[in-house]
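Please treat every number below as a calculation from the coordinates, not as lab data. This one's a predicted model, so the numbers in the text were calculated from it and none came from an experiment. Don't worry about glycine lacking a Cβ; one is built from the backbone with ideal geometry, like all the others, and counts go over all protein chains shown.
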Amino acid sequence: KQEVTQIPAALSVPEGENLVLNCSFTDSAIYNLQWFRQDPGKGLTSLLLIQSSQREQTSGRLNASLDKSSGRSTLYIAASQPGDSATYLCAVEYGNKLVFGAGTILRVKS
Amino acid sequence: DAGVIQSPRHEVTEMGQEVTLRCKPISGHNSLFWYRQTMMRGLELLIYFNNNVPIDDSGMPEDRFSAKMPNASFSTLKIQPSEPRDSAVYFCASNPRTGADTGELFFGEGSRLTVL
């Protein structure tokens, strides 16, 4: 069964801290992996997409890594800001189907 | 582009009523996805279309659910009859799908359905 797990379920940090969100998946035969952000009452916004042949992607203060062999991905957020507060979801693509994790609720305190 | 547009944003209805949710994908995108999000089950794929053709509807929970895509710019998800356990946020997403994989997915704001 293809499962995606995200740890921690929730995280609260003071502004300015660097932080890491974790995602693990059971089936390593992936096409790609995406990290999304979801604000309350809103849809999902794609942050980073890592193809299966890549090891990492960067966008601004965000860096996502992918280790297919161990079935893991991390999302690193540098110098966190209150505006980063949201739910972050990891999604793994198998063929043409995205399997989502339950998400990590992030709160950055000012 | 306005992004993926969904309507209605909120719907409250009584058990047994028919519900129709609508989606307009981003122009030029040839794949469209319907997802359902609940606290208990997270995000679940219900059905997806490629070039207006349903490709995988294995996530549709039961025969009460149906989806159509009559043209490249419009899709509907219908629930008939609705039940309280259908209460959820229903998302539509689209992507240009230039290769074998899904690629970056663009989501609408969602339709929050409450069935009393």
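Laid out as a table, the results:
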read-out	value
Normalised alpha carbon radius of gyration of chain A [divisor 2.2 N^0.38 Å]	1.01
Quarter of Cα convex hull surface for chain B, i.e. mean projection, nm²	6.8 nm²
Cβ-Cβ FRET estimate between A:Glu15 and B:Glu44, R0 fixed at 41 Å, reported to 0.05	0.75
Whole-angstrom gap from the stretch A:14-68 to the stretch B:1-47, using each part's C-alpha centre	24 Å
Over chain B, relative contact order from alpha-carbon pairs under 8 Å, at least 6 apart, %	37 percent
In the stretch B:26-112, the trypsin sites (Lys or Arg not before Pro) that fall in loop regions by DSSP, at most 14 other Cβ within 10 Å	B:Arg41
Chain B: most fluctuating residue of B:Leu46, B:Leu105, B:Leu32 per GNM, C-alpha cutoff 10 Å	B:Leu105
Neighbour-count ranking [beta-carbon atoms within 10 angstrom, fewest first] of A:Tyr94, B:Tyr35	A:Tyr94, B:Tyr35
Relative contact order of chain A, defined on C-alpha pairs under 8 angstrom at six or more residues apart (%)	37 percent
Largest-first principal axis extents, alpha carbons of the stretch A:1-59, Å	36, 26, 23
Residues of type lysines that A:Lys68 reaches as a straight line, Cα spacing below 28 Å, ignoring anything fewer than 8 places off in the same chain	A:Lys1, A:Lys97
Paired Rg and Dmax values of the stretch B:1-58, which use every Cα atom, in angstrom	13.3, 37
Principal axis dimensions, largest first and in whole angstrom, of the protein assembly as shown by Cα	49, 39, 37
The stretch B:54-116 - Rg (one decimal) and Dmax (whole number), Cα, Å	13.4, 42
